[in-house]
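What follows is one structure encoded as structure tokens, with my remarks underneath.
The values are calculated or read from the model by the stated rules, or taken from the named source; none is laboratory data. Since the model is a prediction, treat every value here as computed from it, not as a measurement. All Cβ positions, glycine included, derive from the backbone under ideal geometry; neighbour counts span all protein chains shown.
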Amino acid sequence: MITCLIIDDEPFARDALCDQLAQHTELAVIGQCSNAIEAMQLITKLKPQLIFVDIQMPKITGLEMVAMLDPDTMPRVVFVTAYDEYAIKAFENYAFDYLLKPVDEKRLQTTIHRVKKDLAPRSLELILPKQLEHVPCYCGNRLKVINVDEVEFAFSDLSGIHVTTCLEQVHTHLTLKVLEEKTHLVRCHKQYLVAPNAISEILVQENGAEVLTHSGKRVPVSRRFLKPLKQLFGFH
Amino acid sequence: MQLILLLTQQMCLYLVIVYLLSKTPLFKLFAETATRLPHKVYIYFIFSGFCVMATYFGEQTNDAIANTRAMGAVLGGLLGGPVTGFLVGLTGGLHRYSMGGFTDIACAISTTLEGLSAGMVGLYLRKIDKSELVYTPMLVFLVTFSAEMMQMGVILAVAKPYSDSLDLVKQIALPMLLVNSVGAALFMSMVRDQKTMFDKLSSAFSTKALKIAERSVGILSRGFDQESSTKVAQIIIEETQVGAVAITDREKLLAFIGIGDDHHIPGTPISSQITQDAIDQNCVMFADGVETRYACSISSHCRLGSSLVIPLRCESEVIGTIKLYEPKNKLFLNINRTLGEGIARLMSNQILFGRYEQQQNLLTQAELKLLQAQVNPHFLFNALNTVAAIIGRDPIMARQLIQHLAQFLRINLKRTTGLVTLADELEHIDAYLMIEKARFFDKLNVDIKIPPALNQYKLPAFTLQPLIENAVKHGTSHLFETGEISVSGAIEEDLLILEVTDNAGLYPDNQDDDNSGLGMSIVHKRIQNLFGNEYGVDIACERDRFTKIIIKLPLITASQPDTLS
């Protein structure tokens, strides 16, 4: 059984795909979600092997969402689209599998056949955005999309990954690794990333240092990362 | 008595010279009070000349000279102002002084004073804003009369011996007082007549030109054809009273009104060489019937005897001609020649404007077509996907959706680019929203709050629908939460105000992809093109809270004739 998740903002489209997938006993639809943030949560929680992702979704597109997933735990991805010519061209150029809405039964069979043969996720880097513009977050039940430029620093603790702006601290499903690779945030500690443009002061201490952000928050800097951080600002 | 006659003779000589001057363009300068330096210099020379001449032609009387010098000094002062008057008087006075005699100093002083005081009167009149009074003969008479009285006084006071001067004054006072005053008054009355005639002529000319312009405005911009040309020709003949007026394009006669319209039939090809020449050479052709012969090329019995042909230009290309005719027994007035050229320019501009406007309209129509074409594929795909998605689970709803889709497409195809009623536009929107609501299910709420009383008002087709589509496509579809769109309408003063508000507040995000901003700008441009710049589309946006599109339209009810479509 291949576990899969359907991600699409249109309820009827989800239902329709769900109905179609139900014909294929080798697949089990374990969840549906209507936007990227929900999807990130469910992917972390349910760890599906395959996801069907609609490209046109509110705030964070399907492509952007996949770029946010940690490559280490990345499921196999099948994009679904109605008319995004640009994306379709990219898929064809790199021979990625995609489905056109309304989904043709035969085409779906071919896709499932291919997935069964090779469940290993393929490198999607070629078609995915290199840099993220948004960070999907949530704060209790409230979903929120933060512009990546507003982030001062991010850190991980036992309860997960947190993103801090000058106004608030919210929770995200992005891993520090993804944030480090796909945003301008730089590593300053095993558990901390900081935005260089948010740094107001670097206070050197016995055991490393501390960064003071523009909004007055303190971010620890471990000795290991102090040097590269200083170099970033031209100190040697 | 004899002295009066002699002086009168002298005065007549002046008036003859003045009359001759009045036939030259120089005379025009008298007709306005001098304010600029070159003008004052001119006045100075002319009237100083008069003073000198007057002294020469003067009558030797008791070792003095009875003369009409005062006329020159006073007129110079009145027309030229105090400084000019003073200088005229001084020149005349110095010249008189050089002639000698026992009154030489007295005359020199008095003439200078006359010029200066007349100048002061002129200045005073200008100060109290009554400079027109300078041209009243009565005033000139009085000023000259007083000036001469003063001169007599100066002679009595200055010239020695007193007994001689008293004798002299007794003899010359009456003749000089009378002749100088009457002469100056007559001079001014000639100036005034000339001035009135000139003013009348130019005002008649401008009135005619303005009337033609006013009556013909907009006619040709609707198109340069037989119908519009006939209207314009009718206006020109009524206003100019020429024998006949014709308008042609490059090949044929479009309109002919007036003498000879029995054989100059609109629609027939151009037959006269002079018209052909005007078109080929792109210049005004004039056959006055005397130096350049003119004969009608169609009928030998035609009474038309002279013709003016002016090319009509649109950008530099000749697109036709306008022709003015006079019959053989009437002279072709110069004023009509100038007027004709002005009319041709006016018509050319109007035709050019018409073409420009037409192109502009074509452009908006083309853009509108583009808008329709652009919107449909995406919308259609989404609609079909929705239908495909629900057809298995809810066939009845699927059928209803297909009906809505058909309805939407039917309205879309049927629509012209003219005006439709708000009720029609709402029907279109309704069909559209039925499909979008099905697509987004519980994530889209639309509240249409337009009072039924507004349904009869008209607006350009595709005004509201593209804006609502924008609100969905670029607004609420980007929300996680439920999209709320409200459409409201109201009459404010003499405006029909329609508002489309969404709760996304994302304008102007996403406007650059697939030219979707075009929708809004076309709607705006069309409204402004149709109704004027005071109408159109305004946008108010508060980031992440709302976007409000406000449409301002004139109040046009369904009963009004739809002149715009």
Going through the range B:275-294 one residue at a time, which ones are without any contact (Cβ under 8 Å) to a residue 12 or more places away in the chain, out of contact with any Ser or Thr (no Cβ under 9 Å at 6 or more places or on another chain) and in a loop (DSSP other than H, G, I, E, B)?
-> B:E291, B:R293
Residues located in the range B:42-69, provided they are surrounded by 24 or more Cβ atoms within 10 Å (Cβ to Cβ) and either within 20 Å of B:L125 (Cα to Cα) or acidic (D, E) (or both) | B:I43
Kindly indicate the residue of the range A:61-88 that is away from chain B (no Cβ under 14 Å) and among the acidic types (D, E) and also surrounded by the most Cβ atoms within 10 Å (Cβ to Cβ) among those meeting that condition.
-> A:D70
For residues that are within 14 Å of chain B (Cβ to nearest Cβ) and surrounded by fewer than 17 Cβ atoms within 10 Å (Cβ to Cβ), tally how many sit in the range A:89-106.
-> 3
Any chance A:K182 is out of contact with any Asp or Glu (no Cβ under 9 Å at 6 or more places or on another chain), crowded, with 18+ Cβ neighbours inside 10 Å and of a type in the set (K, R) | yes
Subset of the range A:46-59 (residues that are under 22 Å from B:F480 (Cβ atoms) and either of a type in the set (D, E) or modelled with pLDDT of 90 or more (or both)) = A:L46, A:P48, A:I51, A:F52, A:V53, A:D54
Quick one: which of A:C166, A:C188 is touching a residue at least 40 places away in the same chain (Cβ under 8 Å), touching a strand residue (DSSP E or B) at 6+ places or on another chain (Cβ under 8 Å) and within 17 Å of A:C137 (Cα to Cα)?
-> A:C166
Go through the range A:1-95 and tell me which helices (runs of 4 or more DSSP H), entirely inside it, have 3 or more residues that are among the β-branched types (V, I, T).
-> A:36-46
Scope the range B:89-136; condition in a helix (DSSP H, G or I), touching a residue at least 40 places away in the same chain (Cβ under 8 Å) and more than 16 Å from B:A70 (Cβ to Cβ); matching residues | B:I105, B:L123, B:R126, B:S131, B:V134, B:Y135
Yes or no: B:L156 in a helix (DSSP H, G or I) and within 52 Å of the chain's Cα centre (by Cα)?
-> no
Only one of (1) buried (at least 19 other Cβ atoms within 10 Å of the Cβ); (2) on the phi > 0 side of the Ramachandran plot fails for A:K47. Which number is that?
-> (1)
Please indicate, with yes or no, whether at least one residue in the range B:442-451 is more than 48 Å from the chain's Cα centre (by Cα) and of a type in the set (K, R).
-> yes
Per the filter on the range B:299-309, residues part of a loop (DSSP other than H, G, I, E, B) and surrounded by 15 or more Cβ atoms within 10 Å (Cβ to Cβ) are B:C302, B:R303
Those residues of the range B:310-337 which are polar (S, T, N, Q) and part of a strand (DSSP E or B), in sequence order | B:T321
Select from the range B:394-440 the residues that are within 50 Å of the chain's Cα centre (by Cα), modelled with pLDDT under 90 and among the hydrophobic types (A, V, I, L, M, F, W, C) and write down the one among them that is surrounded by the fewest Cβ atoms within 10 Å (Cβ to Cβ).
-> B:L413
Condition met for B:G258 (at pLDDT 80 or above and on the phi > 0 side of the Ramachandran plot) = yes
Could you say whether any residue in the range B:375-388 is assigned to a helix (DSSP H, G or I), of a type in the set (S, T, Y) and within 30 Å of B:P554 (Cα to Cα)?
-> no
Residue match in the range B:207-222 (condition: in contact (Cβ under 8 Å) with a residue 24 or more places away in the chain, within 30 Å of B:Y19 (Cβ to Cβ) and surrounded by 14 or more Cβ atoms within 10 Å (Cβ to Cβ)) | yes
Can you find even one residue in the range B:172-182 that is touching a Gly at 6+ places or on another chain (Cβ under 8 Å) and buried (at least 18 other Cβ atoms within 10 Å of the Cβ)?
-> no
Enumerate the pairs (first residue in the range B:1-14 and under 11 Å from B:M176 (Cα atoms); second residue anywhere and assigned to a helix (DSSP H, G or I)) with beta-carbon separation below 6 Å, excluding pairs fewer than 6 apart on the same chain, so at least 6 apart or on different chains.
-> B:L3/B:P175; B:I4/B:P175; B:L7/B:P175; B:L7/B:V179; B:T8/B:V179; B:M11/B:V179; B:M11/B:G183
Can we say B:I343 is modelled with pLDDT under 85, crowded, with 21+ Cβ neighbours inside 10 Å and either outside the structural domain of B:H264 (by TED's automatic domain parsing) or in a strand (DSSP E or B) (or both)?
-> yes
Picked from the range A:1-51 (must be acidic (D, E) and more than 9 Å from chain B (Cβ to nearest Cβ)), the residue farthest from A:H134 (Cα to Cα) is A:E26
Conditions: (1) in contact with a Phe, Trp or Tyr (Cβ under 9 Å, 6 or more places away or on another chain); (2) more than 14 Å from chain A (Cβ to nearest Cβ). B:F379 meets all but one. Number of the miss?
-> (2)
So which of A:L203, A:L185, A:L176 is touching a Leu at 6+ places or on another chain (Cβ under 7 Å) and under 21 Å from A:T73 (Cα atoms)?
-> A:L176
Determine which single condition A:K177 fails, assuming it passes every other condition in (1) exposed (fewer than 13 other Cβ atoms within 10 Å of the Cβ); (2) outside any strand (DSSP E or B).
-> (1)
Could you say which residue among B:I448, B:I491 is under 30 Å from A:R142 (Cα atoms), surrounded by fewer than 20 Cβ atoms within 10 Å (Cβ to Cβ), modelled with pLDDT of 90 or more and away from every other protein chain (no Cβ under 14 Å)?
-> B:I448
